[in-house]
Amino acid sequence: MEGELTFTRVTPADRGTLEELVRDYYAFDGHDYDPAEQGPALDLVCAGAANALAWLIHGGGELAGYLILTTGFSVEYGGCDGFIDELHLVERFRGRGLGREVMDFAETAAKQAGIRYLHLEVELHNKRARRLYDARGYADSERTLMSKRLAE
């Protein structure tokens with residue numbers, strides 16, 4: 001299965017396709033998609049925002065999913081760090097071992113972007129993803145991610 005996937009950088013022309021994939025991912029993970037919240041972020045991603053790298057994933061000529069890496073900075077982690085913000089394979093591409101190929105690509109792209117540490121989140125119910133990340137050396141930070149929406 002190795003090499004079955006291809007990765008193409010997202011462009012403004014991909015906006016509708018990316019939104020469909022995001023909606024599918026959110027439904028799978030049990031999140032609500034809010035066009036007023038996620039829509040402007042997708043616009044920025046598709047326009048090539050400097051802190052977001054995004055790819056459409058294809059397998060055998062079919063749309064298989066998407067990957068979004070974001071970049072940040074952390075003194076603790078020695079400079080540029082990154083986050084696998086979103087990684088999703090559509091249903092028919094799951095359970096075929098392709099997650100390893102996506103993670104290989106993500107880690108290589110992160111290194112090429114100068115990212116020293118790569119972070120990700122995984123839903124507690126997603127045991128398959130957790131096994132993949134554990135096997136690749138990702139470790140629970142033993143911290144709780146806390147978030148606050150700042151007023152606009």
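The values are calculated or read from the model by the stated rules, or taken from the named source; none is laboratory data. If you're wondering where the values come from, they're calculated on a predicted model, not measured in any experiment. Every residue, glycine among them, receives a Cβ derived from its backbone with ideal geometry; neighbour counts consider all protein chains shown. Ligands, DNA and RNA are stripped out before the accessible areas are found, and what is left, the full protein with its side chains, is counted by its heavy atoms. Shrake-Rupley method; radii C 1.70, N 1.55, O 1.52, S 1.80 Å.
What separates the Cα centres of the stretch 97-141 and the stretch 1-77 is a distance of 15 Å.
Computed with a 1.4 Å probe over protein heavy atoms only, the accessible area of Arg92 comes to about 140 Å².
Protein heavy-atom surface of the stretch 46-98, 1.4 angstrom probe: 54% of the accessible area is carbon and sulfur, with nucleic acids and ligands not counted. Entry comment: accessible area of the chain is 62 Å² per residue, from protein heavy atoms only and a probe of 1.4 Å. Are there any helices in the chain, counted as whole DSSP H runs, that stretch 18 Å or more along their axis by Cα and score at least -0.5 on average by Kyte-Doolittle, and if so which? Helices meeting the span and hydropathy rule in the chain are 98-112. Over all pairs of different C-alpha atoms, the stretch 32-106 has a mean inverse distance whose reciprocal, the Kirkwood radius, equals 13.9 Å.
Val122 sits with roughly 50 Å² accessible to a 1.4 Å probe, with DNA, RNA and ligands left out of the calculation. With R₀ set to 22 Å, the beta-carbon distance separating Arg9 from Arg100 gives a calculated FRET efficiency near 0.55.
Figure note: Phe93, Phe83 ranked by solvent-accessible area, largest first, 1.4 Å probe, ligands and nucleic acids not counted: Phe83, Phe93.
When shorter helices are ignored and each DSSP H run of at least 4 residues is given -39500 (n - 2.57), the per-residue value for the chain at 222 nm works out to -11000 deg cm²/dmol.
Computed with a 1.4 Å probe on the full set of protein chains, the accessible area for Glu19 sits at about 40 Å². Surface composition of the stretch 1-40: carbon plus sulfur atoms hold 50% of the accessible area, using a 1.4 angstrom probe and ignoring ligands, DNA and RNA. The Rg/Rh ratio of the chain, with both radii computed over alpha carbons and Rh defined as the Kirkwood radius, is 0.94.
Counting only Cβ charges, +1 for Lys and Arg and -1 for Asp and Glu, the dipole size of the chain around its Cα centre is about 380 debye.
For the stretch 37-58, the residues whose backbone nitrogen is under 20 Å from a point 7 Å from the Cα of Leu150, taken along Cα to Cβ, are 37-45, 49-53.
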